[in-house]
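The values are calculated or read from the model by the stated rules, or taken from the named source; none is laboratory data. Please read all numbers here as calculations on a predicted model, not as lab measurements. Positions of Cβ are backbone-derived with ideal geometry, glycine not excepted, and every protein chain shown enters the neighbour counts.
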Amino acid sequence: MIGQAVALLAPVPEEHLVSGLATQERAGKVAFGSRAFQLFRELDEVRNDHPVDVYLYASASSKFGLPKVRWVAQYIGHVEAQGGRHPDGRRYRPDSTFRYEGDNQGHWAVFWEVSALRELSKQEAIAIGRFRGFRSRRSFVSGFIPEGPLLVEHP
């Protein structure tokens, strides 16, 4: 039951989200890199093989105003990086990541994989202030900008 209460809130550069749509269409899923390997190990423990919703804050976005979640996906799981690269090479990585030399060459500890990636409509966007930490149960302030992945209660 706890797996259904947990969700993931994570920042991903907007260009990788947009590019990830094409990757998902071609490969069925998309992989984003992270150094927060302990968080993803904990997530896989608490979710107990249940699906987990992912709420994505588009960092480096051209949109203005209070921070909002404008993208969602379904968490599939994570894989350990091999020398900082995804074990399947470029297959599940957004093409936009190849513009950055270090992004696919030794930078990440794990890759977290998602399916069902989609952009929310303007009306569907979710204010960051509606989220609260999974263990702390403290709500985030409306101007909070996530700087890394966080476990949150399902909103």
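Filtering the range 115-140 to residues that are of a type in the set (Ser, Thr, Tyr) and surrounded by 16 or more Cβ atoms within 10 Å (Cβ to Cβ) leaves nothing. For first residues located in the range 18-31 and closer than 15 Å to Arg90 by Cβ and touching a residue at least 24 places away in the same chain (Cβ under 8 Å), partners that are crowded, with 19+ Cβ neighbours inside 10 Å and polar (S, T, N, Q) and lie 6+ apart or on another chain with Cβ distances below 7 Å form the pairs Val30/Thr23; Val30/Gln24.
Condition test on Glu25, is it of a type in the set (Asp, Glu) and either in contact with a Gly (Cβ under 8 Å, 6 or more places away or on another chain) or within 16 Å of Leu151 (Cα to Cα) (or both)? No; evaluated as a whole, the condition is false for this residue.
For the residues Gly143, Gly148, Gly106, the requirement of being modelled with pLDDT under 90, loosely packed, with under 14 Cβ neighbours inside 10 Å and closer than 30 Å to Gln82 by Cα singles out Gly106. Residues that are surrounded by fewer than 17 Cβ atoms within 10 Å (Cβ to Cβ), more than 18 Å from Glu153 (Cβ to Cβ) and in contact (Cβ under 8 Å) with a residue 60 or more places away in the chain: does the range 50-67 have at least one? Checked against the condition, which is being surrounded by fewer than 17 Cβ atoms within 10 Å (Cβ to Cβ), more than 18 Å from Glu153 (Cβ to Cβ) and in contact (Cβ under 8 Å) with a residue 60 or more places away in the chain, the range 50-67 yields at least one hit. Of the numbered criteria (1) part of a loop (DSSP other than H, G, I, E, B); (2) under 18 Å from the mean Cα position of the chain (by Cα), the one Thr97 fails is (1). Looking across Arg99, Arg93, one residue alone is crowded, with 22+ Cβ neighbours inside 10 Å, at pLDDT below 95 and not hydroxyl-bearing (Ser, Thr, Tyr). It is Arg93.
Let's see how each residue does on (1) of a type in the set (D, E, K, R); (2) closer than 24 Å to His16 by Cα; (3) in contact (Cβ under 8 Å) with a residue 40 or more places away in the chain; (4) in a loop (DSSP other than H, G, I, E, B):
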position: Phe111; (1), (2), (3), (4): no, yes, yes, no
position: Arg118; (1), (2), (3), (4): yes, yes, yes, no
position: Lys122; (1), (2), (3), (4): yes, yes, no, yes
position: Arg135; (1), (2), (3), (4): yes, no, no, yes
position: Val141; (1), (2), (3), (4): no, no, no, yes
position: Ile145; (1), (2), (3), (4): no, yes, yes, yes
position: Leu151; (1), (2), (3), (4): no, yes, yes, no
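Please verify whether the range 39-50 includes one or more residues that are of a type outside the set (Phe, Trp, Tyr), modelled with pLDDT of 95 or more and touching a Pro at 6+ places or on another chain (Cβ under 7 Å). Yes, the range 39-50 contains at least one residue that is of a type outside the set (Phe, Trp, Tyr), modelled with pLDDT of 95 or more and touching a Pro at 6+ places or on another chain (Cβ under 7 Å). Picking from residues in the range 6-45 that are touching a His at 6+ places or on another chain (Cβ under 9 Å) and surrounded by fewer than 15 Cβ atoms within 10 Å (Cβ to Cβ), the one that is farthest from Pro155 (Cα to Cα) is Arg35.
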